[in-house]
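Engineer: Encoded as structure tokens, here's the structure I'll be asking about.
The values are calculated or read from the model by the stated rules, or taken from the named source; none is laboratory data. Everything numeric here is computed off the predicted structure, so don't read it as measured data. Neighbour counts are summed over all protein chains in view; Cβ atoms, including those assigned to glycine, are modelled from backbone coordinates with ideal geometry.
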């Protein structure tokens, strides 16, 4: 394959990764809602260990397990923050905090219009 073809392939893969990460984020948000309803903490280190073990078991390379684990550590950090931000926004809305600000309360989503 040519350099251009390989770069085009990477662009396609990046778009697929974005969609999969967005789907994972939606699932993480739903889990956050369930955690609130069942009084579970957002941070569950035992569950994270299971995720890392699952990722390493699925890894066929060429990424070393440790590098893949580092990527997933960051993904999980972002998902946890997303859960916390969403749940904090809901608590503020329930407390009457919605509609009184300048719009700066909403977390940045990364969406570009």
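Engineer: Quick one: residue 67 ticks every box in (1) in a helix (DSSP H, G or I); (2) surrounded by 14 or more Cβ atoms within 10 Å (Cβ to Cβ) bar one, so which box is it?
Structural biologist: (2)
Engineer: Is it true that residue 22 is under 15 Å from residue 83 (Cα atoms) and modelled with pLDDT of 95 or more?
Structural biologist: For residue 22, the condition - under 15 Å from residue 83 (Cα atoms) and modelled with pLDDT of 95 or more - is met.
Engineer: How many residues does the range 1-54 contain that are more than 26 Å from residue 65 (Cα to Cα) and not in a helix (DSSP H, G or I)?
Structural biologist: So the answer is 6.
Engineer: Any chance the range 1-10 includes a residue that's at pLDDT below 95, surrounded by fewer than 10 Cβ atoms within 10 Å (Cβ to Cβ) and either farther than 17 Å from residue 88 by Cα or touching a helix residue (DSSP H, G or I) at 6+ places or on another chain (Cβ under 6 Å) (or both)?
Structural biologist: Yes, the conditions are met somewhere in the range 1-10.
Engineer: Six or more apart or on different chains, Cβ atoms under 8 Å: show the pairs whose first residue is in the range 42-54 and in contact (Cβ under 8 Å) with a residue 40 or more places away in the chain and on the phi < 0 side of the Ramachandran plot and whose second is assigned to a helix (DSSP H, G or I) and surrounded by 12 or more Cβ atoms within 10 Å (Cβ to Cβ).
Structural biologist: So the pair list comes out as 42/32; 42/35; 42/80; 42/83; 42/84; 42/87.
Engineer: Moving on to the next point. Go through (1) surrounded by 10 or more Cβ atoms within 10 Å (Cβ to Cβ); (2) more than 15 Å from residue 79 (Cβ to Cβ) and name the single condition residue 29 misses.
Structural biologist: If we test residue 29 against (1) surrounded by 10 or more Cβ atoms within 10 Å (Cβ to Cβ); (2) more than 15 Å from residue 79 (Cβ to Cβ), just (2) comes out false.
Engineer: Part of a helix (DSSP H, G or I), exposed (fewer than 15 other Cβ atoms within 10 Å of the Cβ) and over 15 Å from the mean Cα position of the chain (by Cα) - does that describe any residue in the range 70-82?
Structural biologist: no
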